[in-house]
Amino acid sequence: MKYSALAISLISLFTLVGCGEQPSQTADAGASVSVQDVAWLLETEPAGAVSVSEVKASATEGQTVVVRGRIGGRKEPISDGSPVFTIVDLSLPHCGEIPGDKCKTPWDYCCETPEDLTANSVTIMLASVDPRVGGLKELDEIVVEGAVGPRPNESVLTVIATGVFVVK
Amino acid sequence: MQLTLNQRESMNENIMIIGTGSEEGVERSQIDAAVEGIASASVPGLKERAGVVYASAEIHAALPVRESRSSTKDLNAVMRGVRPIAFLVHSDVEILEGRAPRSGMDEIMVGQLAATRLGVPAERLAVGSKLHFDNRDWTISGRFAAPGTVMNAEIWMPLTDLQVATKRESTLSCVIVTLEDATFADVDVFAKSRLDLEITAIPERSYYASIASFYGPIRVMIIVTAVLIASGGVMGGLNTMYAAFAARVREVGMLQALGYTRSAIVINLTEESVFSAASGALIGTVFGILLLDGLAVRFSMGAFALTIDAPVVFTGFVGGLAVGLVGALPPAVRCLRLPIPEALKSV
């Protein structure tokens, strides 16, 4: 019976190893991305960037703006296959900046009230299909250049981006 | 459970619009009731028939219900408040008996596994019987089936009735839209652009897949438990073989004395063992199908039915044969290790 314990241990070990989660696959931004796909990625930072809250307070439809913010504001600010994402004013601390916060998705700003988050968020729309193609990811600080889309009310502001610069 | 949460193929076309921050539980979601109309008008390419856009405004709520007014025991039910369009959006739902509940008439419709979810006998939820919640009796007007989905264990009722019962007249849990020419990106653009509505778009399949991942650790525990039980079975099988073969040492010695080769004896013993194991596996399979197939099991999201399908039967049968094969070899070798005179003298 001394083999029994060994057999049970081995089978359990193999099972546990077998049931482990596969490492999540991240998009390889470098692979099969044409220059056209990432034409909107800027090498240099556009001048005259203003904050999300400033642009939200004053921008009108059709106006060209340069806005600076951080990708976040919801659990999935960037969704697979979707050309839109949201950015948040840098003055709002994300959950990772709050001492002791163990939030697994710090970019969702769950520590902020929905009203504050809405007032300090802007939607960015790219011509490209997926922002991840250009290597954009949650919590990236970016500067976006583009035109303001329709504003049915003051909470809504979509910037149709012509260029995005990722602040290193 | 995994299959129930992964849902059906038709879910590939459905997108849930829920409140931002409520991605992990639609029951917590609260969105403006106007989202249904705004989404229908704003997202081009949603499925539409005879001028009706496939956009189902719904409330999902876990509520305590009682068997009768006098009953003191609360039963946890998963309720879904819907409009008639829900039967088009959720194409897996089929009314088995009775009819859909009418608004304002205190009527409800129960899923096939709702009785399991509530922990009551199936006949207790027959059409025409009543359940008690929100201080009044509700008549069961129909029974529906949505096999292999969480809906199968739910109680459906008119949206407005559930809005009144949950005191949330101006909000919904979600709006579920069906795509035709539109893609997920179109709904996502709408959801992310309308920051004022505080909504998020998520494919229905992804939503339930994320719920399924929540049960991951439980799944691992179940697999480990199953492996331990199976190991017990293997050890039991080995023990039985050892005992059976030990009693036949003299017979094996006799066969060797008569001139049978050791390999011929091993093959003979293995054949016997595999034959008995196969018989056992067949009996086990028949018992499994008779006793377990279709058995409903309750869990927090509803209930699911155990399925003893072809892959399960195949795995069980192959496992049984493996026990017969592997279990025969060590005791057979042990029998043959004894010298012939000693084997013939053994008691």
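The values are calculated or read from the model by the stated rules, or taken from the named source; none is laboratory data. The shown structure was predicted, so the numbers you read here are calculated from the model rather than taken from an experiment. Virtual Cβ from ideal backbone geometry, glycine too; neighbours counted across all protein chains shown. Ligands, DNA and RNA are excluded from the accessible area calculation, which covers all protein heavy atoms including side chains. Shrake-Rupley method; radii C 1.70, N 1.55, O 1.52, S 1.80 Å.
Things worth noting here:
- Entry comment: accessible area of region B:216-345 is 60 Å² per residue, from protein heavy atoms only and a probe of 1.4 Å.
- Here the dipole of the protein assembly as shown is about 2620 debye; that uses its Cα centre as origin and unit charges on the Cβ of Lys and Arg (positive) and Asp and Glu (negative).
- For region B:132-237, GluC sites (Glu not before Pro) meeting the loop criterion (DSSP other than H, G, I, E, B) and having at most 16 other Cβ atoms within 10 Å: B:E169, B:E180.
- Region B:2-214, relative contact order [Cα under 8 Å, separation at least 6], %: 37
- Its Kirkwood hydrodynamic radius, worked out from the mean inverse distance over all distinct Cα pairs, puts region B:131-277 at 23.1 Å.
- The stretch between B:N76 and B:T240 holds 54.4 nm of extra length on full extension. This uses 0.36 nm per residue minus the Cα-Cα distance.
- Qualifying GluC sites (Glu not before Pro) in region A:126-168, where qualification requires a DSSP coil assignment and no more than 15 other C-beta atoms within 10 Å, comprise A:E154.
- Lysines whose Cα lies under 27 Å from that of B:K167, excluding same-chain neighbours fewer than 8 positions away: B:K73, B:K130
- Interface burial for A against B (accessible surface, 1.4 Å probe, total of both chains, Å², rounded to 100): 2200
- Listed by chain and number, the lysines whose alpha-carbon sits under 16 Å from that of A:K168, ignoring those within fewer than 8 places in the same chain, are A:K137.
- The separation of region B:14-60 from region A:111-159, counted between C-alpha centres, amounts to 22 Å.
- Values of log10 I(q)/I(0) for the protein assembly as shown across q = 0.06, 0.08, 0.10 Å⁻¹ run -0.45, -0.70, -0.91, by the Debye formula with one identical scatterer at each alpha carbon and no solvent.
- Averaged over the residues of B:183-189, the number of partner chain Cβ atoms lying within 10 Å of the residue Cβ comes to 5.
- Shape of region B:84-216, Cα gyration tensor, a/c cut at 1.5: prolate
- Along the axis of the charge dipole computed for region B:175-266 (Cβ charges of +1 for Lys and Arg, -1 for Asp and Glu, origin at the Cα centre), the listed residues B:P203, B:G253, B:A182 are led at the positive end by B:G253.
- Here's the list of aspartates and glutamates a cross-link from A:K75 could span, going by alpha-carbon distance under 15 Å and ignoring same-chain residues fewer than 8 apart: A:D108, A:E112, A:E138, A:D140, B:E23, B:E24, B:D188, B:E198.
- Other protein chain Cβ atoms within 10 Å, averaged over every residue that makes up B:111-120: 0
- Membrane-span-like helices in chain B, defined here as complete DSSP H runs extending at least 18 Å along the helix axis by their C-alpha atoms with mean Kyte-Doolittle hydropathy no lower than -1.0, are B:216-246, B:262-292, B:310-337; this is a sequence and geometry rule, not a statement about a membrane.
- Solvent-accessible area, 1.4 Å probe, carbon plus sulfur percent, for chain B: 62
- Of interest is the spacing of the C-alpha centroids, which for region B:107-168 and region B:288-347 amounts to 42 Å.
- FRET efficiency for B:L228 and B:R250, using Cβ-Cβ distance with R0 set to 30 Å, rounded to 0.05: 0.25
- Once both labels are positioned 7 Å from their Cα atoms along Cα-to-Cβ, the gap between A:T44 and B:D137 label points is 8.1 nm.
- Cβ-Cβ FRET estimate between B:D181 and B:T307, R0 fixed at 56 Å, reported to 0.05: 0.95
- Per-residue ellipticity at 222 nm computed for chain B from its helices equals -14000 deg cm²/dmol, with DSSP H segments shorter than 4 residues left out and the rest contributing -39,500 (n - 2.57).
- Counting Cβ atoms of other protein chains within 10 Å of each residue's Cβ and taking the mean over peptide B:201-214 gives 1.
- Alpha-carbon centroids, region B:250-285 and region B:201-216: separation in whole Å: 51
- Applying both filters, DSSP loop and at most 14 other Cβ atoms within 10 Å, to the trypsin sites (Lys or Arg not before Pro) of region B:52-153 gives B:R69, B:K73, B:R99, B:R102.
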